[in-house]
1. What helices (runs of 4 or more DSSP H), lying completely within segment 27-113, carry at least 1 residues that are aromatic (Phe, Trp, Tyr) and farther than 19 Å from HIS10 by Cβ?
2. Being farther than 16 Å from GLU72 by Cα, touching a residue at least 24 places away in the same chain (Cβ under 8 Å) and not hydroxyl-bearing (Ser, Thr, Tyr) is the filter here, so list the residues in segment 11-30 that pass it.
3. Can you name the condition, by its number, that PHE42 falls short on among (1) without any contact (Cβ under 8 Å) to a residue 24 or more places away in the chain; (2) under 19 Å from ILE73 (Cα atoms)?
4. Taking interchain pairs and intrachain pairs at least six residues apart, which have beta carbon atoms under 9 angstrom, with the first residue in segment 50-68 and on the phi > 0 side of the Ramachandran plot and the second surrounded by 12 or more Cβ atoms within 10 Å (Cβ to Cβ) and of a type in the set (D, E, K, R)?
5. Residues of segment 36-83 being more than 20 Å from the chain's Cα centre (by Cα) and surrounded by 14 or more Cβ atoms within 10 Å (Cβ to Cβ), which ones?
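Throughout, read-outs are computed from the coordinates displayed, never taken from laboratory work. Please read all numbers here as calculations on a predicted model, not as lab measurements. Heads up, the Cβs are rebuilt from the backbone with ideal geometry, glycines too, and the neighbour counts pull from every protein chain shown.
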Amino acid sequence: MVVDEDRLLHALADSTRRDIVRRCLTESASVSRLAELYPMSFAAVQKHVAVLERAGLVSKERRGREQLVRSEIDAVRRARDALDQLEATWRGRVDRMSDLLTERNENDERDKR
């Protein structure tokens, strides 16, 4: 599970890859069409798509000479769930720190009396 989450988060760490996932959620796009949208080489876009594919965020389907890229909504949901879990962990830590600081301040006030 951790390896999958690492792959998902690594793949989504790049703004171009996030944009590819967003674009391909609504409709499939060929790798060549995607390459036209970014200021980089076709090979660079292919590499981005390969990273997304290894993470399970997109899949490719061959149609004639083209490879169509489609985002996988279930993988996007898994990434969201992983981020939600991280948020819950950090919110819990912040809440605990806040409680400790409040308790400390109350103890300091009590000691001053």
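1. Values: elements: 31-36, 42-54, 73-112.
Correct list: 42-54, 73-112.
2. Result: ASP14, single match.
3. (2)
4. Filtered contacts from segment 50-68: GLY56/ASP4; GLY56/ARG7; GLY56/GLU72; GLY56/ARG78.
5. Hits for segment 36-83 are GLU66, GLN67, LEU68.
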